[in-house]
Amino acid sequence: MKIAVLPGDGIGPEIVAQAVKVLDALQRDGLKVEMEQAPIGGAGYDAAGDPLPQMTLDLARAADAVLLGAVGGPQYDGLERSLRPERGLLRIRKELNLFANLRPALLYPELASASTLKPEVVAGLDIMIVRELTGDIYFGQPRGIETRGGERVGFNTMVYSESEIRRVARVAFDIAMKRGRKLCSVEKANVLECSELWKEVVIEVGRDYPEVELSHMYVDNAAMQLVRNPKQFDVIVTGNIFGDILSDEASMLSGSIGMLPSASLDLQNKGMYEPIHGSAPDIAGRDLANPLATILSVGMMFRYTFADGALADRIDGAVRKVIAQGLRTGDIWTEGCQRVSCSAMGDAVVAALG
Ligand code: IPM
Ligand code: MG
C-alpha cells in the first residue's frame, strides 16, 4: 500500500502528522504501508512555484491513496489566480479523476452539546453527502473576468454531461443500498437547465435501484431542511458547488467542522482522503487544531481504497474512545471536558487503538 502524504498549508502539517502517527502505530502492528511526502498548495508554490508541482502529481498518481491536510493561507491571496493554493487542490482532483466525494456527517453522542442545534434535533444524526467533485461551475468553460461595454464582468459556466451525472449517481445509489436505502438528489431544477438534466438522469439511474427510495429537493429547501430536521436524510447526492456549501452546513450539525473526514474516489476506488475543513491559518503552528477529521480520513482510506473494514472500524473505534474519555480540542470543548492539544489528541488516539 503506497500512500502519498500531502500536508499542505496552515494546520495541514500538524493534523497530518497525527494521522501519520496512527499509520506508524499500525505499521508497528504489522501493517505494510509506504508513505512519501510532497508539497501542495501554498507549500507547492513555495517549493516549486506551482500549487501542484509535477513531482507531487507524479507521486499521487503512483500511489494507491493520497492523504491530504489542507491548502491555502492569506499570504497567497495576492497571487495570480492560477497559482493560488486552491487551484492545486482542484487540479489534483481533476487530474486523478476523483469525481465522487463522500462526506459523512455523523454525530458522536457525546458531542451533541457542541452542536449549535438542539440536541434532540441532531441526536443520532448519520448522513452521507455524495458530492460530485470534478465538474459543475468549478471547472466549466468559459470562465473569467473581462471588460464588456466599459465595465468588468465575471462569469463562470455551470455544466454537467449525462455521463458525469450518471457515474456519481451510481456511486450514491450503491452507498444508499448499503445504508438506509434512501437517496435525496439536490439541485435547482426550477431555475437551472443544468439541474433539470441532473434530475432526469438521476431518475433514469434510479430505475436500476428499485429498492432505493429516491426523492428530489431544491438546494435552498435542502439547506433549510438540514437545520430543521436533518435526520430525514440518509444519503444526499448533489453537484459540486451545492455539495461544497451543504457539506459545510452539515458539518455543524455534528458539532464541529473539525470532526468530518472525506473521501474522493475515482472509478477504481483509488482515493484522496482529507478533512473537509480548511487550513485555519489563524491557529496554524500552535498545536491547537483538531486532528480527528484527518485521522477519520485515514479510516475512510482503509474502508474504501484498501477494502479493510476491520481496520477502518479499529481507527473509528479509537476516535470514539478518546471522545468518550472526554478529551477535546478547543473546537469541540465544552464544560467538564479535558482540553488537549492537537498532538496530545493524536497520542491519545494511538493509545486507544488497542
Ligand atoms: C472543500 C473546499 C474546496 C472546495 C476549496 C478549498 C477549493 O472548500 O473541499 O470543500 O471548494 O472544494
Ligand atoms: Mg468547502
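Here, each number is a calculation from the coordinates, and none is a lab measurement. Bear in mind that the values here come from a model prediction, so they are computed numbers and not experimental data. Reconstructed Cβ throughout: ideal geometry from the backbone, glycine too, with neighbour counts over all protein chains shown.
In debye to the nearest 20, how big a dipole does the chain give about its Cα centre with +1 on each Lys and Arg Cβ and -1 on each Asp and Glu Cβ? Mind dumping the intermediate values first?
Working: 37 positive and 47 negative charges, 87 e Å.
Using Cβ point charges on Lys, Arg, Asp and Glu, the chain gives about 420 debye.
Which of the residue pairs Lys182/Lys231; Lys32/Lys321; Lys2/Lys32; Lys231/Lys321; Lys118/Lys231 have a Cα-Cα distance greater than 18 Å in the structure shown? Don't jump to the answer; show the numbers that get you there.
On the way: Lys182/Lys231 12 Å; Lys32/Lys321 25 Å; Lys2/Lys32 9 Å; Lys231/Lys321 24 Å; Lys118/Lys231 13 Å.
Beyond 18 Å: Lys32/Lys321; Lys231/Lys321.
Give the percent of DSSP beta bridges with both residues in the range 100-265 that are antiparallel, rounded to the nearest 5. List each step's numbers first, then the result.
Details: 15 of 29 bridges.
Taking every DSSP beta bridge within the range 100-265, about 50 percent pair in antiparallel fashion.
With +1 on each Lys and Arg Cβ and -1 on each Asp and Glu Cβ, and nothing else charged, work out how big the dipole of the range 248-319 is about its Cα centre, in Debye to the nearest 20.
Details: 4 positive and 9 negative charges, 35 e Å.
I would put it at about 180 debye.
When only C-alpha pairs under 8 Å and at least 6 residues apart count, what is the relative contact order of the chain, in percent? Could you put the intermediate results ahead of the total?
Details: 763 pairs, mean separation 74.7, N = 354.
Worked out over the chain, it gives 21 percent.
Loop by DSSP (not H, G, I, E, B), at most 15 other beta-carbon atoms within 10 Å: where is the longest site-free stretch of the chain for GluC sites (Glu not before Pro)?
Working: sites that count: Glu80, Glu211, Glu335.
Maximal segment without exposed cleavage sites: 81-210.
For Asp50, what residues show an amide H to amide H distance below 5 Å, using hydrogens built from the backbone and excluding near sequence neighbours?
Answer set, sorted by chain and number: Tyr45.
Say each of Asp248 and Arg81 gets a label point 7 Å from the Cα, pointing the same way as Cα to Cβ; how far apart are those two points in nm?
1.9 nm
Let me have the 222 nm mean residue ellipticity of the chain computed from DSSP H runs of 4+ only, each contributing -39500 (n - 2.57), with the sum over all residues rounded to the nearest 500. It would help to have the intermediate numbers written out before the result.
Details: 12 runs with 143 residues, N = 354.
Taking each H run of at least 4 residues, the total per residue is -12500 deg cm²/dmol.
Of all DSSP beta bridges located in the chain, what percent are antiparallel, nearest 5?
Values: 20 of 48 bridges.
Expressed as a percentage, antiparallel bridges in the chain total about 40.
Given +1 on the Cβ of Lys and Arg, -1 on the Cβ of Asp and Glu, and no further charges, what dipole in debye does the range 272-354 carry about its Cα centre, rounded to the nearest 20? Display every interim value, and only then the final one.
Working: 7 positive and 9 negative charges, 34 e Å.
Computed about the Cα centre, the dipole is about 160 debye.
Which residues does the label zone of Asp287 cover in the range 330-349, counting backbone N under 12 Å from a point 7 Å along Cα→Cβ?
340-347
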